[in-house]
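Trainee: The structure is given below, and queries will be raised subsequently.
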Amino acid sequence: MVQGEENRLLVQQMLAVAQSQDEAAFAALFSHFAPRLKGFLMKSGAAPAQAEDCVQDVMATVWRKAAMFDPARANVSTWIFTIARNRRIDLLRRDRRPEPEDLPWGPEPEPDQIDALALQQDSEHLGAALKALPDDQRELIEKAYFGDLSHGEIARVTGLPLGTIKSRIRLAIRKLRQSMS
Amino acid sequence: MIRHHLTDALLIAYAAGDLAEAYSLAVATHISLCDECRARLAAYEALGGAVLEGCDRAPVSDGSLAATMARIRNGAPAERAVPVSRGVFPTPLQAYIGGDAEAVRWRSIGGGVKQAILGTSKAASARLLRIPGGTAVPDHSHGGLELTLVLQGAFSDEGGRFARGDIEIADQSVEHTPTAEAGPDCICLAVTDAPLRFNSLIPRLLQPFVKI
């Protein structure tokens, strides 16, 4: 689980890559995320060599898109998860994945500290709440994100008690949208 | 004001990358119009981030970081965000048409109703429907999950009134008879994982030819 301290460090490293192409910060992000990404992709059905190749691809994309990372909208794990998910669709299904329009603003040069802090904290709480679930419930959620559940089975995930944290993240994103538009 | 939203199950499946392309198109197009569902999606993506964070680690090879840096130096420039559309169709839908509403190549399917089939993978199919104001879409039921997203005009059926941005989610238990409101043509994006079955004779005879 990401402790508060560790999460803050990941955000700083991500911003250092975005703002000054900091290779040491990128190496630190790589050592944190590459083994997790490889584990994630293998759980999603990729062979080890294929997963390794995809990890490099995802991390290269993290470098290239770094300027789009916005700590008021996602924590680093979430942002990297979305990149890995999209690469996995290319890799395993060879489908296109239509993406929504982006919000009508880009990441701010100086992200709003209060919004960013609230979202980062809520994401940490969500991680803790996931970890605290009984094994069978946590595994159900993991299977959904590994692409292992049918649509009918996914409906069971929606009843799990992560509701409060989820609605706080929702509120944070909505508030952000209202304050910027 | 959007009143009919995506279900949590669809949002989780989209956040997880589990949906067939045609359903993803309807979800991405709705979210482009709906801040509420955009925020709900962000929460489910955060859950995906937590799953990644807690995932069992698999060691990468020794040269993996160096190989990644080489890819970065040789690779393509940064991808850009999906821009905001100013037209009738949100950007993800325009990508399937090559333009906005005026670029659609409509084909008549009878009763004044027109359609255009979009090119997605075969697991599910997406089409645009154009229904003249005041006209009923032929009475139909369907085999699987049907999503209908309104882009222009409005229709009403047993499930309520649906205007721009509203999405109707119907499963096989629903038999519905949408009727377009008087006014501009109603344009919808309709996605199904099974062919629609029309309950009157003429459309049923046409069905094999128009790929409804």
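The values are calculated or read from the model by the stated rules, or taken from the named source; none is laboratory data. Everything numeric in this text was worked out from a predicted model, so none of it was measured. Every residue, glycine as well, gets a Cβ built from its backbone with ideal geometry; the counts of neighbours run over all protein chains shown. Heavy atoms of the whole protein, side chains included, go into the accessibility calculation; ligands, DNA and RNA do not. Shrake-Rupley method; radii C 1.70, N 1.55, O 1.52, S 1.80 Å.
Trainee: In a Gaussian network model over chain B where Cα atoms closer than 10 Å are linked, find which of B:102, B:146, B:21 has the largest mean-square fluctuation.
Mentor: B:102
Trainee: Taking all protein chains in place and a 1.4 Å probe, what share, in percent, of the accessible surface of chain B do carbon and sulfur account for?
Mentor: 54
Trainee: Give me the summed buried accessible area for the A-B pair, 1.4 Å probe, to the nearest 100 Å². Present the calculation step by step, with values, prior to reporting the outcome.
Mentor: Details: alone 11150 and 12240 Å², together 17240 Å².
For chain A against chain B, roughly 6100 Å² becomes buried.
Trainee: On to the next question. With the Cα gyration tensor of segment A:1-117 in hand, convert its eigenvalues to equivalent ellipsoid semi-axes via √(5λ) and list them largest first in whole Å.
Mentor: On the way: eigenvalues 119, 62, 31 Å².
Output for segment A:1-117: semi-axes of 24, 18, 13 Å.
Trainee: What residues have an amide H closer than 5 Å to that of residue B:133, excluding those fewer than 5 places away on the same chain, when H is modeled at 1.01 Å from N in the peptide plane?
Mentor: Result for residue B:133 returns B:183, B:185, B:186.
Trainee: Give, rounded to the nearest 20 debye, the magnitude of the charge dipole that segment A:33-108 has about its Cα centre when Lys and Arg contribute +1 at Cβ and Asp and Glu contribute -1 at Cβ. If you can, show how the numbers build up before the last one.
Mentor: On the way: 13 positive and 10 negative charges, 69 e Å.
Its charge dipole is roughly 340 debye.
Trainee: What residue among B:103, B:76, B:190 has the largest mean-square fluctuation in a Gaussian network model of chain B, using Cα springs under 10 Å?
Mentor: B:76
Trainee: Can you compute 3J(HN,Hα) from phi for each residue in segment A:39-44, using the Karplus curve 6.51 cos²θ - 1.76 cosθ + 1.60 with θ = phi - 60°, rounded to whole Hz and x for Gly and Pro?
Mentor: Using θ = phi - 60°, the values come out as x, 4, 5, 5, 5, 7 Hz.
Trainee: Per residue of segment B:146-154, what does 6.51 cos²θ - 1.76 cosθ + 1.60 with θ = phi - 60° give for ³J(HN,Hα)? Whole Hz please, x for Gly and Pro, Karplus curve as stated.
Mentor: In residue order, the calculated couplings are 10, 10, 10, 10, 7, 10, 8, x, 7 Hz.
Trainee: What residues in segment B:2-31 lose 50 Å² or more of accessible surface when the other protein chains are added to their chain alone (1.4 Å probe)?
Mentor: B:9, B:12, B:14, B:16, B:17, B:18, B:21
Trainee: Do the sum for chain B: with -39,500 (n - 2.57) for every DSSP H run of n ≥ 4, divided by all residues, what is the mean residue ellipticity at 222 nm, to the nearest 500 deg cm²/dmol?
Mentor: Numbers: 6 runs with 69 residues, N = 212.
After summing the helix terms and dividing by the residues of chain B, the value is -10000 deg cm²/dmol.
Trainee: Could you give the longest part of chain B that holds none of the trypsin sites (Lys or Arg not before Pro) found in DSSP loops with at most 11 neighbouring Cβ atoms within 10 Å? Could the numbers behind the result be given before it?
Mentor: Numbers: sites that count: B:3, B:80, B:86, B:105, B:122.
Within chain B, the longest run free of exposed trypsin sites (Lys or Arg not before Pro) spans B:123-212.
Trainee: Still on this structure, I have one more. With each label point set 7 Å from Cα along the Cα-Cβ vector, what nm distance links residue A:12 and residue B:106?
Mentor: Each label point is offset 7 Å from its Cα along the Cβ direction, giving 6.0 nm.
Trainee: Given R₀ = 30 Å, FRET efficiency for residue A:155-residue B:70 by Cβ-Cβ distance, to 0.05?
Mentor: Values: r = 44 Å, r/R0 = 1.47.
Efficiency computed from Cβ-Cβ geometry: 0.10.
Trainee: Also, I was wondering about something else. Note down the net charge around residue B:153, summing +1 for each Lys or Arg and -1 for each Asp or Glu among other residues with Cβ under 12 Å from its Cβ.
Mentor: 0
Trainee: Can you give the Rg to Rh ratio for segment B:52-164, taking only C-alpha atoms and Rh from Kirkwood?
Mentor: Working: Rg = 22.0 Å, Rh = 18.7 Å.
For segment B:52-164, the value is 1.18.
Trainee: Could you identify which residue out of B:61, B:108, B:121 has the top mean-square fluctuation in a GNM of chain B using Cα springs shorter than 10 Å?
Mentor: B:61
Trainee: Set the Förster distance to 41 Å, then compute FRET efficiency between residue B:156 and residue A:113 from the Cβ-Cβ distance, nearest 0.05. Before the final figure, lay out each step's value.
Mentor: Values: r = 47 Å, r/R0 = 1.15.
So, using R0 = 41 Å, E works out to roughly 0.30.
Trainee: Next up: Output ³J(HN,Hα) for segment B:83-89: one whole-Hz value per residue in order, computed from phi by the Karplus curve 6.51 cos²θ - 1.76 cosθ + 1.60 with θ = phi - 60°, and x for Gly and Pro.
Mentor: For segment B:83-89, the Karplus-derived couplings read x, 7, 7, 9, x, 6, 9 Hz, x marking Gly and Pro.
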